[in-house]
Structure formats: structure tokens, C-alpha cells
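Undergrad: My questions will all concern the structure given below.
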Amino acid sequence: MRIAILSCFYPFRGGISQFNTYLLEELSKKHTVKAFNFKRQYPGILFPGKTQKVSEDDDARPVESVAVLDTANPLTYSSTARAIAGFEPDVLLTRYWMSYFAPSLGSVCGKVSRILEKKGRKDFRTVAVADNIIPHEKHFFDIPLARYFVRRQSGIVTLSHAVEEQLQQICPGVRSQTIPHPLYSNFGERTDTLRARRQLGMQGTDQQVMDRKVLLFFGLIREYKGLDLLLEAMTLLDGSYTLVVAGECYGSFDRYRQIIDSERFAPIRSNLILNDKYIPDKDVKVYFSAADLSVLPYRSATQSGISSISWNFDVPLITTPVGGLIESVGEAGTGLLAESISPEGIAQAIRKYFAENKKEEYLYNISRLKKELSWESFADKLENFINTL
């Protein structure tokens, strides 16, 4: 097949770009694939982080692509469609994770379909890989924009059953299939735990450092991800726990700073290691190698790339009972679900994990998942789904 992928690629940074890179490389082993990139992903006023592009200390993998689409400039929609149609693809793949992209990507998909139809190409298909259908931070326009986008697709691949159910509620009957998020293996191998903890600044004798119960909150800090709930949960735990928070904050950090500076947090403040900056790929393994547990205290979720990174480094998870995390963590046995989306529920689950001593059971389940969640498997299932359309 000839496959065009329209989404963000290098030099854009982040999980979506990384996912696209690995999917491109895997599909290219069997098909002719071309990457069509964004000229501009978001207008600066809509982007809450510091930069959308890789920096000098990132070691992200470069990808050959054609930068064509400015999502905020409708004048580029037609030129993007012509460029993609000129490639004569059998399939146009896009990524969908928030309603902002519906007008630009939906318009391009429709225009490419019409151009190729005029050329007699009735076998052309448009397929989207959807992380979300309704974004975590909801708006009144999310559903109509999602419908606009979905109606221009031959089929939708979701990364969790929770998203597929949401999709079918909004657009009943759309051709869809869930293919779980593959593991990120681009961050290297797990390193020595003691060395990693020293690199993060943990003090004391070697035995004292290794005796710490290290919790990791990793990735972009956004309101729906519930870092404030985890910080409050820390005040309910004893002094044997260390919390490592690593990731850039999208929006104000004030709400988290207020908890950290509060009187109730004072007794454990020295047990917090905070790096509220974007973590370069080369440093990711240090954080996960230091951790006993990866904690996802989310208020809402569909699936999470952080769980895939955690599994890659053999780190069990504690998550709240939301969205696709229920199936990927609780039902898959790769960690524990908190009983509630609250500091009390999260603290109880953390205590239970260390009291039950079931790490080997979780690691066994993670090892089974690793075999299933390869990029080769994802690409094969995606190809099979395309062939049914």
C-alpha cells in the first residue's frame, strides 16, 4: 500500500510525535509511506507549554517529512490536500486527540477524497488513530467538531475500548476497532536503581536510599492528571515515601505550589523531588529506573502513554478507576486501581501495594503485555483493519 500520514513529526516534540515516528518506521517495512508534517501545530496563544519543538538537549529521532499544514490557516488546507493527493496514496492516516484539529484535518481528508475520486480512485480510504474523541478538558463544541471529523473517515482506530465506546455513542455505526497503545521502547533499558536514585539527588547511605519507597508522577502536568490529589495523598502517608514529580506544567503551577508550601506538607517536603521541566528522551530512563511505582492519579483518562513507558521499564502502576486505565492496569493486573479519585483512595492503594508484596505478579503480567504490545503487532492489526474498509 501507499500510505500518507498527516500529523506532527520531528521537530515537534512529545508523545504524539514519538508515536507517529515509530508507526511510520514500522509501516515502512512493508509499505510505501510518506510523512506530511505540520508547519504549525498550535498557535502560540493556545499552547500552554514553553515550546512545541525539540531543543538542543533532546535526542529525539529525526524523521524525513514534508511540512505542509498550518492548522490555524485555512489557506493551507487545500495546498496540503493537493500535496497528499499528488502522492497518490491508498490510505491517508491522521491522528486525532483534541477537537482543535477537527476543522483542519477533517477538511484535508475531505478534499483529498474528492481530488482522488475525480481521478477515478474509489478505493482510497481515510483512517484516523484516535487517542481521544472528547478531550479531557471539555468544551461545548467538542461533540459537533468530533462528528465533523469522524464523518470524513472511512474508519477509526482507538487506543482503548473506553474511547471506542465514546466514539460509538457520538457517531453510531462508524467503522472502528480498538488496538492498544504499543510500548515505547525508545528510551533505552532500565538502569541500576541505586545509581538512578543518586542521580535524582537522593541522600543517605546506600541502604537508606534503597529502602525508600519511590513514587513517580511523570509527564505533562495538566489539571485532569490530578497531581494535586497525589500531593495531598502524600500527606496521608508516612515518611518512608519519596515522591518524584517530573514534567512540564501546562498552565499555572500555583495550585500545586500552594500544597507543597502548606503547613500540612511541611513534614514530608524533603521527600519531594520536583523537576517541573520537559524531560528529554535521554533522561527518561533515570526517572523510571529510580521508581518503585508509577502513579497516575487522573481525574479522567482514556489511555495513557505513561503506562506504556512504565511497562517498558518494568514499573507497576497505581491509577485511579477512570477510562481505559481500568482495563490496562486493573484488569490486566499490571498494578492497582485506587477505590476512588481522591487523596484517600490513592494513599490507600499505595499502602496496599507495598503491604501485599505482589511485585513479581505484576511484573509477570507486564512481561506478557510486552509481547503483545509491539509496534509490529500494532501495524499488522492496523493494516488488517484498513483492508476491511
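Undergrad: Considering only residues that are surrounded by 22 or more Cβ atoms within 10 Å (Cβ to Cβ), part of a helix (DSSP H, G or I) and not hydroxyl-bearing (Ser, Thr, Tyr), look in segment 287-306 and name the one that is nearest to the chain's Cα centre (by Cα). So that I can check it myself, show each step before the final result.
TA: Taking segment 287-306 and keeping what is surrounded by 22 or more Cβ atoms within 10 Å (Cβ to Cβ), we get 287-291, 293-298, 301-304, 306.
Applying the additional criterion that residues be part of a helix (DSSP H, G or I) yields 287-290, 306.
Next, only the ones that are not hydroxyl-bearing (Ser, Thr, Tyr) stay: 288, 290, 306.
Values: Phe288: 16, Ala290: 21, Ile306: 6 Å.
If we take residues in segment 287-306 being surrounded by 22 or more Cβ atoms within 10 Å (Cβ to Cβ), part of a helix (DSSP H, G or I) and not hydroxyl-bearing (Ser, Thr, Tyr), then Ile306 is nearest to the chain's Cα centre (by Cα).
Undergrad: Could you look through segment 115-133, keep only residues that are charged (D, E, K, R) and assigned to a loop (DSSP other than H, G, I, E, B), and pick out the one that is surrounded by the fewest Cβ atoms within 10 Å (Cβ to Cβ)?
TA: Checking each candidate, the answer is Lys122.
Undergrad: Residues to consider are Ile306, Ile386, Ile341; find the one that is within 18 Å of Gly219 (Cα to Cα), among the hydrophobic types (A, V, I, L, M, F, W, C) and either out of contact with any Cys (no Cβ under 9 Å at 6 or more places or on another chain) or outside the structural domain of Gln18 (by TED's automatic domain parsing) (or both). Outline the logic, then answer.
TA: Numbers: Ile386 fails: within 18 Å of Gly219 (Cα to Cα); Ile341 fails: within 18 Å of Gly219 (Cα to Cα).
Unique residue meeting the criteria: Ile306.
Undergrad: Could you list all residues from segment 45-98 that are part of a helix (DSSP H, G or I) and at pLDDT 80 or above?
TA: If we filter segment 45-98 for residues that are part of a helix (DSSP H, G or I), which is where we start, we get 45-46, 75-86.
If the condition is that a residue be part of a helix (DSSP H, G or I) and at pLDDT 80 or above, then Leu75, Thr76, Tyr77, Ser78, Ser79, Thr80, Ala81, Arg82, Ala83, Ile84, Ala85, Gly86 are the ones that fit.
Undergrad: Picking from Ile279, Ile268, Ile273, Ile309, which residue would you name as being part of a loop (DSSP other than H, G, I, E, B), more than 21 Å from Glu137 (Cβ to Cβ) and of a type in the set (A, V, I, L, M)?
TA: Ile279
Undergrad: Please determine whether any residue of segment 336-345 is in a helix (DSSP H, G or I), free of Cβ contacts under 8 Å to residues at least 12 places away in the same chain, farther than 23 Å from Ser185 by Cα and of a type outside the set (Lys, Arg).
TA: Looking through segment 336-345, none of the residues is in a helix (DSSP H, G or I), free of Cβ contacts under 8 Å to residues at least 12 places away in the same chain, farther than 23 Å from Ser185 by Cα and of a type outside the set (Lys, Arg).
For every residue, the table says whether it meets (1) buried (at least 21 other Cβ atoms within 10 Å of the Cβ); (2) at pLDDT below 95; (3) closer than 21 Å to Asn387 by Cα.
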{"position": "His136", "(1), (2), (3)": "no, yes, no"}
{"position": "Phe140", "(1), (2), (3)": "no, yes, no"}
{"position": "Tyr148", "(1), (2), (3)": "no, no, no"}
{"position": "Ile156", "(1), (2), (3)": "yes, no, yes"}
{"position": "Tyr184", "(1), (2), (3)": "yes, yes, no"}
{"position": "Asp211", "(1), (2), (3)": "no, no, no"}
{"position": "Phe217", "(1), (2), (3)": "yes, no, no"}
{"position": "Leu230", "(1), (2), (3)": "yes, no, no"}
{"position": "Thr235", "(1), (2), (3)": "no, no, no"}
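Undergrad: Considering (1) surrounded by fewer than 15 Cβ atoms within 10 Å (Cβ to Cβ); (2) free of Cβ contacts under 8 Å to residues at least 12 places away in the same chain; (3) closer than 24 Å to Pro321 by Cβ, say which one Asn384 fails and leave the rest.
TA: (3)
Undergrad: Which condition breaks for Gly226 when tested against (1) more than 15 Å from Tyr256 (Cβ to Cβ); (2) in contact with a Ser or Thr (Cβ under 9 Å, 6 or more places away or on another chain); (3) buried (at least 18 other Cβ atoms within 10 Å of the Cβ)?
TA: Of the numbered conditions (1) more than 15 Å from Tyr256 (Cβ to Cβ); (2) in contact with a Ser or Thr (Cβ under 9 Å, 6 or more places away or on another chain); (3) buried (at least 18 other Cβ atoms within 10 Å of the Cβ), the odd one out for Gly226 is (1).
Undergrad: Any residue in segment 146-153 that is among the basic types (Lys, Arg), touching a Cys at 6+ places or on another chain (Cβ under 8 Å), part of a loop (DSSP other than H, G, I, E, B) and on the phi < 0 side of the Ramachandran plot?
TA: Yes: segment 146-153 contains one or more residues that are among the basic types (Lys, Arg), touching a Cys at 6+ places or on another chain (Cβ under 8 Å), part of a loop (DSSP other than H, G, I, E, B) and on the phi < 0 side of the Ramachandran plot.
Undergrad: Next up: Can you name the residue in segment 370-382 that is more than 13 Å from Val129 (Cβ to Cβ) and either touching a strand residue (DSSP E or B) at 6+ places or on another chain (Cβ under 9 Å) or of a type in the set (Lys, Arg) (or both) and, of all such residues, is modelled with the lowest pLDDT?
TA: Lys371
Undergrad: Report, ordered by the first and then the second residue, all pairs with beta carbons closer than 9 Å, sequence separation of six or more or different chains, a first member in segment 211-222 that is over 11 Å from Thr242 (Cα atoms) and touching a residue at least 60 places away in the same chain (Cβ under 8 Å), and a second member that is among the charged types (D, E, K, R) and assigned to a loop (DSSP other than H, G, I, E, B).
TA: Going by the 9 Å Cβ cut-off, the qualifying pairs are Gly219/Glu248; Leu220/Glu248; Arg222/Glu137.
Undergrad: While we're looking at this one, here's another question. Confirm whether Leu24 is modelled with pLDDT of 95 or more and within 18 Å of Asp90 (Cβ to Cβ).
TA: Yes; evaluated as a whole, the condition is true for this residue.
The values are calculated or read from the model by the stated rules, or taken from the named source; none is laboratory data. Values in this document were obtained by computation on a predicted structure and should not be read as measured data. Quick reminder, even Gly has a Cβ in these numbers, built from the backbone with ideal geometry, and neighbours come from all protein chains shown.
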